Amino acid sequence: SLVGSEMCIRDSFTTRELTKVYGKGAAQVHALRGVDVEIPAGELVVLLGPSGSGKSTLLNILGGLDRASQGSVLFQEQNLSTMTDAQLTRYRRDHVGFVFQFYNLMPSLTAYENIELVTEIAADPMSPAKALELVGLGERGDSFPSQLSGGEQQRVAIARAVAKQPTVLFCDEPTGALDSTTGRAVLQVLKNVNEALGATVLIVTHAAATADMADRVIHFADGRIREVHVNRNKRAPQDIEW
């Protein structure tokens, strides 16, 4: 429908001629070299490429953690590139959830309390209990991080990110510190979040097999997009070869 397509256009990220340069003179590093990409709303997207290819830089710019050197990033028809620091802070608070390779949980707080930190500042949060249920840890709310396995800690980190009901969930190497069985379980949680909340999920990884579960795969190399592949035959996370 027209309404549906308008929603999709409005909610997608669109970048134009996006560049990012670190340093000056002979020490310059060109992390992004003119990236043009469109990411439709509601998809599970994998950004794939070797270390240093620019994928994390792109994720940080889309997430409002960093600014491009040149070019534009449109999100819901707003240009992130021209926002003030205060506007970017509001964008991150209202729209964005982050999951990193290392869980960044507060060790002195329970799983429930770690999530509660976010729900206290979010505009329209779900309850910490519901967020824990969503990631399959409804019974572990009273546990401290030291009492949880690595995979469970990552699932708490995902619960913390999704409790604010973000429009977009950015995941930077979310399975990088996990074994294959635990990694598949975490990917299943991310798939569930994508389906249950309708959030756009972007996963940055160098693990090529992760691409099998994505709606769309963006291949990165040397600061440029080499290829965008739309996945017609997705595999379930538990069927991914590790």
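Looking at 178, 187, just one residue is at pLDDT 90 or above and not charged (D, E, K, R), and that residue is 187.
Residues in segment 161-196 that are of a type in the set (Lys, Arg) and either open to solvent by less than 40 Å² (accessible area, probe 1.4 Å) or outside any helix (DSSP H, G or I) (or both): 164 only.
Does segment 113-132 contain any residue that is at positive phi and surrounded by 14 or more Cβ atoms within 10 Å (Cβ to Cβ)? No: zero hits. Scanning segment 51-81 for residues that are at negative phi and open to solvent by 50 Å² or more (accessible area, probe 1.4 Å) returns 51, 65, 67, 69, 70, 74, 78. Residue 36 falls short of the stated requirement of being touching a helix residue (DSSP H, G or I) at 6+ places or on another chain (Cβ under 8 Å), charged (D, E, K, R) and touching a residue at least 40 places away in the same chain (Cβ under 8 Å). Within segment 78-94, residues that are under 12 Å from residue 66 (Cβ atoms) sit with their Cβ atoms under 8 Å from residues that are open to solvent by 60 Å² or more (accessible area, probe 1.4 Å) and outside any helix (DSSP H, G or I), at 6+ positions apart or across chains, in these pairs: 80/74; 81/67; 92/65.
Name every residue in segment 18-37 that is outside any strand (DSSP E or B) and closer than 13 Å to residue 224 by Cα, in order of residue number.
none
Within segment 101-137, being closer than 18 Å to residue 177 by Cβ and at pLDDT below 90 holds for 101, 102, 103, 104.
The values are calculated or read from the model by the stated rules, or taken from the named source; none is laboratory data. These numbers come from a predicted model, not from an experiment. Don't worry about glycine lacking a Cβ; one is built from the backbone with ideal geometry, like all the others, and counts go over all protein chains shown. We work out accessible area using only protein heavy atoms, side chains counted, and drop any ligands, DNA or RNA first. Shrake-Rupley method; radii C 1.70, N 1.55, O 1.52, S 1.80 Å.
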